[in-house]
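Q: The structure follows.
The values are calculated or read from the model by the stated rules, or taken from the named source; none is laboratory data. These figures come from a predicted structure and were not determined experimentally. Note: ideal-geometry Cβ built from the backbone for every residue, glycine included; neighbour counts use all protein chains shown. In case anyone asks, the SASA skips ligands and DNA or RNA and just uses the protein heavy atoms, side chains included. Shrake-Rupley method; radii C 1.70, N 1.55, O 1.52, S 1.80 Å.
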Amino acid sequence: GGGARRAPVAVVRPIRCSLEELYSGARKSASHEGRSFVIDVKPGWKEGTRITFEEAGVCFQLAQEEHPRFSRRGHDLAAVAFCGLLDLLVRGSSHEVRTLDSRTLRVRLPPRRLSVKVSGEGMPLSRPEAGRQRGDLVLNLFADWAVAADQARQWGRTALWVGGALLFFTNTSLFFGLVFAYSFFANANGGRAN
């Protein structure tokens, strides 16, 4: 076409932001080749968001610093709390959670529950959707269960591959029988092996 071509962005530079800065928004300054740039970080921006200054041939990419109390999954925040065995099994437990904007929330976990979701107490949505302005806060007891479940799934797949290889070499007929049965039930169940 006859349009002017843009010069490619040659340099990507990280801009480190705390979780509080990504929650509330912040004004960050950075420099590149002797020039100063001001970056207005909007509330709810995520790690990896890029701010490009085409005329200078530089792009700044947000890098989220690790936070001592919260981890972020999209617009949701997760925190870990601890309680005694009696509270876990019988009484339930109450916890005070200091939010990123310095408020204190009192969160109650009923007995025999390992996590609870507090709606609207997560990260702000950079583009609000269907009346929702913020993600959720998930308070977990003892561990971040979403991370633990992902790790268990990965280990499960690894164990399945190793077990399948071992079965193939030790009892080939059983291996092929199980593969046949799996494919039969997967096809009979509309392609899902549930």
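Q: Just wondering, is there one or more residues in region 137-153 that are modelled with pLDDT of 80 or more and over 30 Å from SER18 (Cβ atoms)?
A: no
Q: Still on this structure, I have one more. Is it the case that some residue within region 68-79 is more than 30 Å from VAL118 (Cβ to Cβ) and touching a strand residue (DSSP E or B) at 6+ places or on another chain (Cβ under 6 Å)? Reasoning before the result, please.
A: Kept after step one, since they are more than 30 Å from VAL118 (Cβ to Cβ), are these residues of region 68-79: none.
No: region 68-79 contains no residue that is more than 30 Å from VAL118 (Cβ to Cβ) and touching a strand residue (DSSP E or B) at 6+ places or on another chain (Cβ under 6 Å).
Q: Go through region 86-134 and report how many residues are open to solvent by 80 Å² or more (accessible area, probe 1.4 Å), over 19 Å from LEU19 (Cβ atoms) and among the acidic types (Asp, Glu).
A: 1
Q: Does VAL80 fit the bill of being in contact with a Leu (Cβ under 6 Å, 6 or more places away or on another chain) and crowded, with 16+ Cβ neighbours inside 10 Å? I'd like the intermediate steps shown before the answer.
A: Details: in contact with a Leu (Cβ under 6 Å, 6 or more places away or on another chain): no; crowded, with 16+ Cβ neighbours inside 10 Å: yes.
No; evaluated as a whole, the condition is false for this residue.
Q: Follow-up. Spot the failing condition for GLU20; the list is (1) in contact with a Phe, Trp or Tyr (Cβ under 8 Å, 6 or more places away or on another chain); (2) closer than 21 Å to LEU137 by Cβ; (3) at pLDDT 85 or above, and only one is missed.
A: So GLU20 meets the others, but not (1).
Q: Separate question: Quick one: what pairs do we get from region 163-190, first residue at pLDDT below 75, second open to solvent by less than 60 Å² (accessible area, probe 1.4 Å), C-beta under 8 Å, 6+ apart or different chains?
A: Filtered contacts from region 163-190: TYR182/ALA193; PHE185/ALA193; ALA186/ALA193.
Q: If you check every pair at least six apart or on different chains, which have Cβ atoms under 8 Å apart with a residue in region 117-138 that is more than 22 Å from VAL107 (Cα to Cα) first and a residue that is modelled with pLDDT under 85 and in a strand (DSSP E or B) second?
A: LEU125/ARG132
Q: Checking the condition open to solvent by less than 70 Å² (accessible area, probe 1.4 Å) and at pLDDT below 90, which residue from VAL58, VAL11, VAL41 passes?
A: Working: VAL58 fails: at pLDDT below 90; VAL41 fails: at pLDDT below 90.
Answer to the check: VAL11.
Q: A further question on this structure: How about region 109-131: which of its residues are among the basic types (Lys, Arg), farther than 21 Å from VAL41 by Cβ and either modelled with pLDDT under 90 or not in a strand (DSSP E or B) (or both)?
A: Matches in region 109-131: ARG112, ARG113.
Q: Could you please let me know if GLU66 is open to solvent by less than 70 Å² (accessible area, probe 1.4 Å), closer than 30 Å to GLU121 by Cα, free of Cβ contacts under 8 Å to residues at least 60 places away in the same chain and not aromatic (Phe, Trp, Tyr)?
A: When the stated conditions are applied, GLU66 does not pass them.
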